[in-house]
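Trainee: The structure's right below; bear with me while I get my questions together.
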Amino acid sequence: MKKILVLNGPNLNLLGTREPEQYGHTTLADVEALCQEAGARLGYAVECFQSNWEGALIDKIHEYGRLYKAGEALGCVFNPGAYTHTSIALHDAIKGVDGLPVIECHISNVHAREAFRHHSWISPAAAGIVIGFGVDGYLIALEGLVRKYGR
């Protein structure tokens, strides 16, 4: 069974308690369970990974680039958190694993928030973007990834 990576960046481990008016009360464990259930329904194994460290996220993207080239992975749903607005290194990692479809996903509508959140270094490297649907955005991103690149 092919794998899909659901990758989460800094502070997403605080979902459910961090700014619930912005992000809701759903925890990261809840999001991961939803994604794994959706992946199973779609016929894919979902691996979830979260890190507050940029290098760990880059390493995971590289790993999935190798799995993709080997025919063992379909792609990645990635909420880079605040690294969205600061990390050229994550942009370069996605570009560097040529071919791995990465769907950028954000819980909140970043364009309705502070001006510094309006620019994404990830978007130009992403295969698609899902923004502002709350945690359901992960499910929309998974479905879109499978519909566009699966089977």
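Bear in mind that the values in this text are calculations on the coordinates, not laboratory data. It should be emphasised that the depicted structure is a prediction, and the values quoted were computed from it without experimental measurement. Positions of Cβ are backbone-derived with ideal geometry, glycine not excepted, and every protein chain shown enters the neighbour counts.
Trainee: Using a simple charge model, +1 on the beta-carbon of Lys and Arg, -1 on the beta-carbon of Asp and Glu, nothing else, what dipole does the stretch 16-151 show about its Cα centre, in debye to the nearest 20? Can you show the working numbers first?
Mentor: Details: 11 positive and 16 negative charges, 81 e Å.
Roughly 380 debye, rounded to the nearest 20.
Trainee: In addition: With θ set to phi - 60° and the Karplus curve 6.51 cos²θ - 1.76 cosθ + 1.60, what are the ³J(HN,Hα) couplings of the stretch 124-136 in order, to the nearest whole Hz, using x for Gly and Pro?
Mentor: Whole-Hz 3J(HN,Hα) from phi for the stretch 124-136: x, 9, 7, 7, x, 9, 10, 9, x, 9, x, 5, 5.
Trainee: If you don't mind, another one. Using +1 at the Cβ of each Lys and Arg and -1 at the Cβ of each Asp and Glu in the stretch 11-93, identify which of TRP53, ASN11, GLN36 lies farthest towards the dipole's positive end.
Mentor: Result: GLN36, furthest along the dipole toward the positive end.
Trainee: Among HIS111, VAL135, ILE122, flag the residue with its Cα farthest along the positive direction of the charge dipole of the chain, charges on Cβ as +1 for Lys/Arg and -1 for Asp/Glu.
Mentor: ILE122
Trainee: Using +1 at the Cβ of each Lys and Arg and -1 at the Cβ of each Asp and Glu in the stretch 1-148, identify which of PRO80, ALA70, GLN22 lies farthest towards the dipole's positive end.
Mentor: ALA70
Trainee: Turning to a different aspect of this structure: In the chain, once you exclude exposed GluC sites (Glu not before Pro) (DSSP loop, at most 14 other Cβ within 10 angstrom), what's the longest stretch remaining?
Mentor: 1-71
Trainee: Now for a different question. How about the stretch 1-42: which trypsin sites (Lys or Arg not before Pro) there lie in a loop by DSSP and see at most 16 other Cβ atoms within 10 Å?
Mentor: Counting only loop positions with at most 16 other Cβ atoms within 10 Å, the trypsin sites (Lys or Arg not before Pro) in the stretch 1-42 are ARG18.
Trainee: Take CYS105, CYS48 and order them by how many other Cβ atoms sit within 10 Å, fewest up front.
Mentor: CYS48, CYS105
Trainee: Under 5 Å between amide H atoms, partner at least 5 residues away or on a different chain: which partners does CYS105 have, H built in plane at 1.01 Å?
Mentor: Hits under the 5 Å cutoff: PHE78, ASN79, VAL130.
Trainee: Residue by residue through the stretch 3-10, which ³J(HN,Hα) values in whole Hz follow from phi under the Karplus form 6.51 cos²θ - 1.76 cosθ + 1.60 (θ = phi - 60°), with glycine and proline marked x?
Mentor: 10, 10, 9, 10, 10, 10, x, x
Trainee: Under 5 Å between amide H atoms, partner at least 5 residues away or on a different chain: which partners does GLU72 have, H built in plane at 1.01 Å?
Mentor: Sorted by chain and number, the residues that satisfy this come to none at all.
Trainee: Can you list the HN-Hα couplings for the stretch 57-69, worked out from phi with the Karplus curve (6.51, -1.76, 1.60; θ = phi - 60°), rounded to whole Hz and with x for Gly and Pro?
Mentor: Taking θ as phi minus 60°, the curve returns 5, 4, 4, 5, 4, 4, 4, 6, x, 5, 4, 4, 4 Hz for the stretch 57-69.
Trainee: If Rh is defined by the Kirkwood formula over all Cα pairs and Rg also comes from Cα, what ratio Rg/Rh do you get for the chain?
Mentor: My calculation puts Rg/Rh at 0.93.
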